[in-house]
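Contents: one structure, followed by commentary.
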Amino acid sequence: MTDYPTNSVLVLVDVSPSGQLHSSAAEVIGAAAAVGTAVVLAVTAPGTSALLGAELAALGAAHVLVAESAQCARAVVSPVVDALAAAAATVGPEAVLVSNSIRGRDAAARFAARSGSALAVDAVGVSRDEEGVIAHHSVYGGAYSVDSAASTGALVITLRQGSSSVRAAAQDATVQVLEVAASGAPDAVVSSYQETAVESSRPELRGADVVVSGGRGVGSGENFALVEGLADALGGAVGASRAAVDAGYVPQSFQVGQTGVTVAPQLYIALGISGAIQHRAGMQTAKTIIAINKDPDAPIFEIADFGVVGDLFTVVPQLVAAIEAKRG
Ligand code: FAD
């Protein structure tokens, strides 16, 4: 029976139905290890856990708990919540850290409700003071930074993807198989699913280090090749404003903002985007923001670190050529 340290932070990582670890794992483990001992829980289908222990130790897990569940590919979230409850009872963590993915935040909210814990959603960082773990948030479209902490019990935190660049050193982790009693809690059930092969060589928008987004100013779906060209030159993902999505230039999955994806890349480049508050809500925590817009009064320039007042059809090809020339 393992004795878990009092500063244990229980980390739930996202695992696909076929047992693939999601790329957000390195980030949540790194954030947990920076404030305590990372005890990492993976819930996976039977027969897929063999490699997970080693993968998680390489990402900095001090201890690994694996719960194998035949139900986890069918029931949407209850097997994960059941495993979180069993893991929390075993570990007695100081805090629980989960990626703010769709499944992660669903599991975190259900676990917090079930255990009567405080819930801090969409944190952009974690730290600790003498009283325990603190979650940091960027709210009202990035206009305010606020902190939250639990007055009692373990704080359950969901961490915005791409918000933390802290990574943990590899550990020599213990791996424990966790016995989980199914609660039978009501849940949506997946009747069938198909994993789609991602054909794009670009990184996923959520969690990308570089995002290049286009707005209404790009003018058409065909013109989006310009946005893609700059993204490819920088090895980045492609995003869009809602106006560009509504105009049919790109699919809705590209939308950045309040009603789209929230991104926190190292570099965000906005092309022909005015910078409405709803767009800013999804990208304002980017480390460096560059805006190219022909209107010098566009609100995007208020939050840009670097701005180019100019026609994107003139500026972007020159930028791509300069990047490629530098690469040789
Ligand atoms: P515009 O505001 O029309 O701006 C286009 C910009 O392109 C202008 O600044 C113009 O100067 C510039 N431009 C034009 N031609 C060129 C050129 N050749 N070269 C350089 N610059 C050029 N929006 C989102 O993005 N994400 C959301 O999630 C979102 N959610 C919303 C939710 C609600 C409830 C509501 C009410 C709105 C939401 N919106 C969202 C919409 C938001 O309010 C804006 O309408 C939208 O962001 C505007 O997109 P845009 O900047 O591309 O277009």
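HN-Hα J couplings of region 257-266 from phi, Karplus 6.51/-1.76/1.60, θ = phi - 60°, integer Hz, Gly and Pro as x?
Listing the rounded values in order: x, 3, 10, x, 8, 9, 10, 9, x, 5 Hz.
Counting Lys and Arg as +1 and Asp and Glu as -1, what is the net charge of the other residues whose Cβ lies under 9 Å from the Cβ of residue 21?
-2
Need the full-extension length gain, residue 295 to residue 115, defined as separation in residues times 0.36 nm minus the C-alpha distance. One decimal, nm.
59.6 nm is the gain from fully extending residue 295 to residue 115.
Using only DSSP helix segments of four residues or longer, with each worth -39500 (n - 2.57), what per-residue ellipticity at 222 nm results for the chain after dividing by its residue count and rounding to 500?
After summing the helix terms and dividing by residue count, I get -7500 deg cm²/dmol.
Name the residues whose placed amide hydrogens come within less than 5 Å of the amide hydrogen of residue 40, ignoring near sequence neighbours (fewer than 5 apart) on the same chain.
11, 62, 63, 64, 65
Report for region 103-187 the percent antiparallel among DSSP-assigned beta bridges with both residues inside it, nearest 5.
Antiparallel: roughly 75 percent of the beta bridges in region 103-187.
Decide, for region 91-200, between rounded, prolate and oblate: order the square roots of the alpha carbon gyration tensor eigenvalues as a ≥ b ≥ c, take rounded if a/c falls under 1.5, and otherwise choose prolate if a/b is larger than b/c, else oblate.
rounded
Amide H of residue 269 versus every other amide H placed in the peptide plane: which residues, excluding those fewer than 5 positions away on the same chain, fall under 5 Å?
211, 212, 213, 290
Let me have the relative contact order for region 76-145, percent, based on Cα pairs under 8 Å that are six or more residues apart.
Relative contact order, region 76-145: 23 percent.
Sort 6, 174, 152 by heavy-atom solvent-accessible area, probe 1.4 angstrom, most to least.
So the residues, ranked largest to smallest area, are 6, 152, 174.
In region 181-262, what GluC sites (Glu not before Pro) fall in a loop by DSSP, with at most 14 other Cβ atoms inside 10 Å?
Listed in order of number, the matching sites are 195, 199, 222.
Roughly what would the spin-label model give for residue 305 and residue 194, points 7 Å off Cα along C-beta, in nm?
4.2
Percent relative contact order of region 33-86, based on C-alpha pairs within less than 8 angstrom and at least six residues apart?
41
Name the shape class, rounded, prolate or oblate, that the alpha-carbon gyration tensor gives for region 149-253, where a ≥ b ≥ c are the square roots of its eigenvalues, rounded holds for a/c under 1.5, and otherwise prolate holds if a/b is larger than b/c and oblate otherwise.
Prolate is the answer for region 149-253, as a/c is 1.5 or above and a/b outweighs b/c.
Nearest 10 degrees is fine. How inclined is helix 25-35 to the longest principal axis of the chain, computing both from alpha carbons?
70
For region 308-324, what does the Karplus curve 6.51 cos²θ - 1.76 cosθ + 1.60, with θ = phi - 60°, yield as ³J(HN,Hα) per residue in whole Hz, taken in order and with x for Gly and Pro?
Taking θ as phi minus 60°, the curve returns 10, 8, x, 7, 4, 6, 8, 6, 5, x, 5, 5, 4, 4, 5, 5, 5 Hz for region 308-324.
Restricting attention to the alpha-carbon atoms of the chain, what are Rg (one decimal) and Dmax (integer), both in Å?
According to the Cα coordinates of the chain, Rg and Dmax are 21.1, 65 Å.
List the relative contact order of the chain as a percent without decimals, with contacts defined as Cα pairs under 8 Å and 6+ residues apart.
Relative contact order comes out at 15 percent.
Based on the mean of other Cβ atoms within 10 Å per residue, sort peptides 94-107, 121-134 so the most packed one is first.
Averaged packing, sorted descending, gives the order 94-107, 121-134.
On average, how much accessible surface per residue is there in the chain, in Å², for a 1.4 Å probe, leaving out ligands, DNA and RNA?
46
Roughly to the nearest percent, how much of the accessible area of region 88-179 is carbon and sulfur, given a 1.4 Å probe?
Carbon and sulfur: 50 percent of the exposed surface of region 88-179.
The values are calculated or read from the model by the stated rules, or taken from the named source; none is laboratory data. Model, not experiment: these values are computed from the prediction. Glycine also receives a Cβ, built like all others from the backbone with ideal geometry; neighbour counts cover every protein chain displayed. The protein model used for the area step is the full one, side chains on, heavy atoms only, and it has no ligands, DNA or RNA in it. Shrake-Rupley method; radii C 1.70, N 1.55, O 1.52, S 1.80 Å.
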